[in-house]
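First the structure, in the form of structure tokens, and then the observations on it.
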Amino acid sequence: TWRDWSSDVCSSDLSGGGTCTVQSISPNGSEVFGPNAPMTFSVTVRNDSAVAWDTANYDLALIEGNNMLRNPALTAQDIPTTIAPGQTLTISFEGITPNTGGLFTMTWGIVQNNVINCQFTFRVNVR
């Protein structure tokens, strides 16, 4: 289920009981891409909290940065499955690089009631 998302009402206070460890992320800024190149964003995070992240209460949301999604309207969605404490979640997004050179970032989060429980930043180097 896609939901309306507004990053300006989101709190980055992680005291809401959720934490995570980013185990892998791609791209991370070390790879170089050409302009307007199709690409896949991928991240694996571990739920380090004492609470399960369930599909009814936790969403994936674009928090800030450059929207490099192939479909730029898809900036929020339910997480695909419940993630128990200690379990990992791998997420992939289809994207496209910006049409100009530079270092671009796109920060996503696992969010509950506009509180960020986990966040991760993709870095894209375009030349």
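The values are calculated or read from the model by the stated rules, or taken from the named source; none is laboratory data. Worth saying up front: this structure is predicted, and the values here are computed from it rather than measured. Methodologically, a virtual Cβ is constructed for each residue, glycine included, from the backbone with ideal geometry; neighbour enumeration extends over all protein chains shown. Accessible surface areas use protein heavy atoms only, side chains included; no ligands, DNA or RNA. Shrake-Rupley method; radii C 1.70, N 1.55, O 1.52, S 1.80 Å.
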Checklist entry - Taking the highest mean first, how do the peptides 93-103, 49-59 order by number of other beta carbon atoms within 10 angstrom per residue? => result 49-59, 93-103
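At a 1.4 Å probe, what is the % contribution of carbon and sulfur to the accessible area of the chain?
Working: 2930 of 6310 Å².
Solvent-exposed carbon and sulfur of the chain make up 46 percent of the total.
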Item to check | Option label - Cα Rg over 2.2 N^0.38 Å computed here, alternatives (1) 0.97; (2) 1.40; (3) 1.04 | outcome: (3)
Checklist outcome for this item: Between I79 and residues 5 or more places away or on another chain, the pairs with built amide H atoms under 5 Å apart involve Y58, D59, L60
Checklist entry - Using θ = phi - 60° and the Karplus curve 6.51 cos²θ - 1.76 cosθ + 1.60, what whole-Hz ³J(HN,Hα) does each residue of segment 97-109 get, with Gly and Pro shown as x? => result 6, x, 8, 10, x, x, 9, 10, 10, 9, 9, 10, x
Checklist entry - Tell me, what is the FRET efficiency for Q87 and N28 to the nearest 0.05, using R0 = 35 angstrom and their Cβ-Cβ distance as r? => result 0.95
Next on the checklist: Under 5 Å between amide hydrogens, which residues at least 5 positions from T55 or on another chain qualify, with H placed 1.01 Å from N in the peptide plane?
Outcome noted: T82
Next on the checklist: Quick check: residue separation of A52 and V115 times 0.36 nm, minus the Cα distance between them. What number comes out in nm?
Outcome noted: 21.2 nm
Checklist entry - Size of the dipole of the chain about the Cα centre, Lys and Arg at +1 and Asp and Glu at -1 on the beta carbon, nothing else charged, in debye to 20? => result 360
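Label segment 38-101 by shape, choosing from rounded, prolate and oblate, from the square roots a ≥ b ≥ c of the eigenvalues of the Cα gyration tensor; if a/c is under 1.5 it is rounded, and otherwise prolate applies when a/b is larger than b/c, oblate when it is not.
Numbers: a/c = 2.75, a/b = 2.14, b/c = 1.28.
It is prolate, given that a/c is not under 1.5 and a/b is the larger ratio.
Determine the per residue accessible area of the chain with all protein chains present and a 1.4 angstrom probe, expressed in square angstrom.
Roughly 50 Å² per residue, with all protein chains present.
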